[in-house]
Amino acid sequence: MNVHTSHAANKESTDNENITNITQRIHKTFAGPNIIFMTGGTGFIGKETVKRFADENAQLLLLVRSEQRARAVMKAYGVKDLDRITFITGDLSIPGLGLTAADRGRVLEADVIIHAGGTMDVTLGREIAEQIFMNGAKEVGQLAQEIHRIHGLKHFIHVVGFMSPYGQRNEQGDYLQVDHTGNQESAYEEMKFQADLHIREHAEQHNYPLSVVNPSTVVGPRPTGVTEQTGGIGLLIQAIQKRLMPVVPGGSSYWLPLVENDVVAQTLVFLSKETAPVGGTYPLLARKEDSPNMNELLHLLAEQLDVPKPKWAVPLPWIQWAMRSGGTRISGVPAESVAFISNRSFPVEETEALFTRMGQSWPDIREQLPFVTADLDYRLQYTPLPEDFPADYIRARGGDMAMVGWEGEGEPWIMVHGLLQSADEMLPLGRRLRELTGNPVWMVDLAGFGRSPVHQGDEVFEGQIDALVTALHEFKGPLKLVGHSIGAAIAAAALKRSRRTDIRLGLLQPVANNANPNMLAWMSRLPRGVVRTLLRRRSERSWARMFSTYSGREGNLVMEHAMARRIRSNLQSPRIAGAHADLLRWIHSGQRGSVISSSWMKNGNPRHAGDTLVVWAKQDQEYHYPKDMDPQMKRIDVPYGHYFPVFQYRETAAILAEWSDTRT
C-alpha cells in the first residue's frame, strides 16, 4: 500500500485494505514476532540492546548510515546472529531519513519503534545538533503517526537524557520545565530536550503509546565495564587523570547519576515486549541517597587512577566559569565535562515500579566503578595496535582482572603478561596458540595494567598474586597457566597459593630477583613517585631503542616502534605508571626470596618440577637465568631477547603447543 496516495483511493479499495491490515495485525499477534524499528542501533546503548534481542522473538529493522560498517560493528560487539536484522540505510539528519520507497514500506510494517539515535557529543554546534535531534524526532514521529494509522503502533520508546525537564507536569497539566543548569545547557542538551518535547506532544496528538526512557550518564555493562563512549564520565576521568580536578565540584550535596548500558538495554527489551504498555517516563538512575555523592565519587575515581584525592569542595558555577574562561583551552577538557553533575533529586517511582515488573532490583554502581574507571583510563591513553594484530577477540573478566581472548573447546590457556605490556600485546601469541590447539585462550591484565583495576592491598606483589588466584578460581577443571617475565613469577606464586593440582605451568623468561645491573635497576631504587615520573617522561625514541635491543634476532622494526608508541602513551596514565613502578621496585629491591625456584614446588604443593616448562631467551641483556631454578624443570633455550613472546610469537606458540601435548 502506498501511504502517500491512500487518501485518493476509492471507498472499495480502502475497505479492502482495512480488512487486509486487520488480518495482518491478527496474524502478527498470534503467529509472528514483533517487528521493531530502531534508530541508534550501532551506538553504545544500541549495540547492547541489539545483542540482548538475540534471544527474543523479534525482527529488527535498524536504521544505519552504512550497512557494511554496521555489520562489522555488530560482529565486533559479539552479535553473532544477524538473520533477524534488516539494515535500513538512512540518516536522522536529512528529510525523510533518506529512506528509499522500499525501505519506508518495510519500516511501516513495524509494531514497535525504539528511537535511541543521535551522536553522543556534548560539544556539538547548534546547527548540527538541531539537524540530528530535531529533524530525527520529527521524521521518526511522522513514521509513528503513519504506522499507527495503518495498523496500530504498539509502542513508541524514546531514549533521551535524564536532565530533560519534560518528564513532569504542573497542576494545569502542562509540561514542567525545570531550570536545572542555570541557563548553561549546551546546544546538544537543548536540542535533545526539544526533541523530547516534540515527541511527547506528537504522541498525545496522534494517540499512540509512548514510553520515555531517561538514562543517566551511561557506563559499560557488567561484568567488564567496557565504556567506549568517552563523552560522559570519561570527560571527568580525563580531568582527574590530568590532575585538573583537584577539588570536588559542588561538594557532597551534588552527584553524578550513573547507569550501566546493559541495564538500559534490558529496560528497552522489556518495554518492547509489553503487550499492553502503560507508557510513562522512566529515569534510569538510583535514588540520590543511595548513590555516591560527588565527594565519594571523586575519591573512588582518584583511588583507581592513583592520583591524590581532592580535599576541598568548590561551587559548581565557579568551576563552570573557570573552564569557560580559558580553562578548557589549557586543559583540553571541555566545560561540558561537568554538565551532568546535579544537586537535584529525580522522581524514580515509575522506574521502581517498572523494575518490579521486570523482576529486578537496581544495581549498586559502586561495584562497577573500578572496572569502568580502568577501562576509560586505558582507553583515553590508547594508541592503536598495528593493523596485523588480531581483531576478532572478545573481552571478559576473571575475578577483578580484565581478560581478552577467545572461547574454544578443551583446557583453557591463561596467559599473564610482563612489564611494559598489557594483555593486548599478547594477542598475536594467543591467537596463534588457539589456531594450533583449538583451546580457549585468555590473556589477563595484571592489576593496575591495561583495563584491570588497581588491587586494594598495600603489598604490590601479594596483591597481584591474590588477584590472579581469584581469577583462576572461576575456571573449573584443568588448565594451562603461562606467565612472561614478572608475570611468570606472579603465575608461579599464584599456583602455589591456589594449591590446585590440575594446572600446568609455563614460565617464559621468568623474572623475580634475577636482574642484571642496568638503568631500570638504578632507577627502581628511587622513591615511588620519582620512578613513576621518570617512566612517564621517557621518550618514545628511548623505548624504541630498548625494544630494538631486547627484541632479539629478527626483530620487527614496525612492531618495535608500535610497542614504543604504545608504552609511551600508556605510561601517561598515573595508574599504569604506578603499577609499573611498584613491580620494578619489587624486582630490584633485592629483599625478596625467589618465588620461581624449587622452593615454590614444596610446602604441600604436590605438583612436580618435571611438569613445568621454562623457555629462556639467551640474548636477554636485562635478566639472567635464575640460579636456584629446579633443574628438573623442562628447559628450552631460544636465540631471542626478553620480549620474544611478543616479537617471536609464532615460535613461542609452537613451543607451547608441543608442550601441551606431552605430560611427564
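The values are calculated or read from the model by the stated rules, or taken from the named source; none is laboratory data. Keep in mind that this is a model prediction, so the values were computed, not measured. Ideal geometry is used to build each Cβ from the backbone, glycine not excepted, and the neighbour counts take in all protein chains shown. Keep in mind that these areas ignore ligands, DNA and RNA; they rest on the heavy atoms of the full protein, side chains included. Shrake-Rupley method; radii C 1.70, N 1.55, O 1.52, S 1.80 Å.
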Can you list the aspartates and glutamates whose alpha carbon sits under 16 Å from that of LYS288, skipping same-chain ones fewer than 8 residues off?
GLU296, GLU349, GLU350, GLU352, ASP364
Heads up, I need the accessible area for PHE193: 1.4 angstrom probe, whole protein in place, Å², nearest 10.
20 Å²
Non-local residues with an amide H under 5 Å from the amide H of LEU284, with H modelled 1.01 Å from N and Pro and chain starts lacking one, are ASN214, SER216
Accessible area of LEU197 in the full protein assembly, 1.4 Å probe (Å², nearest 10):
30 Å²
On the full set of protein chains, 1.4 Å probe, figure out the accessible area of ARG200 and give it in Å² to the nearest 10.
20 Å²
Using only the heavy atoms of the protein chains and a 1.4 Å probe, how would GLU274, GLU622 rank by accessible area, largest first?
GLU274, GLU622
Enumerate by residue number the GluC sites (Glu not before Pro) in the stretch 412-498 meeting two conditions: DSSP loop (anything except H, G, I, E, B), and at most 12 other Cβ atoms within 10 Å of the site's Cβ.
GLU459, GLU474
Give the cross-link partners of LYS480 among the lysines, using a straight C-alpha distance below 30 Å as the criterion and excluding same-chain residues fewer than 8 apart.
LYS75, LYS80, LYS496, LYS602, LYS618, LYS627, LYS634
Entries of LYS47/LYS192; LYS242/LYS311; LYS192/LYS311 with Cα pairs more than 25 Å apart:
LYS192/LYS311
Within straight-line cross-link reach of LYS154, aspartates and glutamates at Cα separation under 13 Å, skipping those fewer than 8 residues along the same chain
GLU109, ASP111, GLU146, GLU274
Rank these residues by their accessible area, most exposed first, probe 1.4 Å: GLU658, GLU109.
GLU658, GLU109
Find the accessible area per residue for the stretch 219-334; the probe is 1.4 Å, ligands and nucleic acids are left out, and the unit is Å².
40 Å²
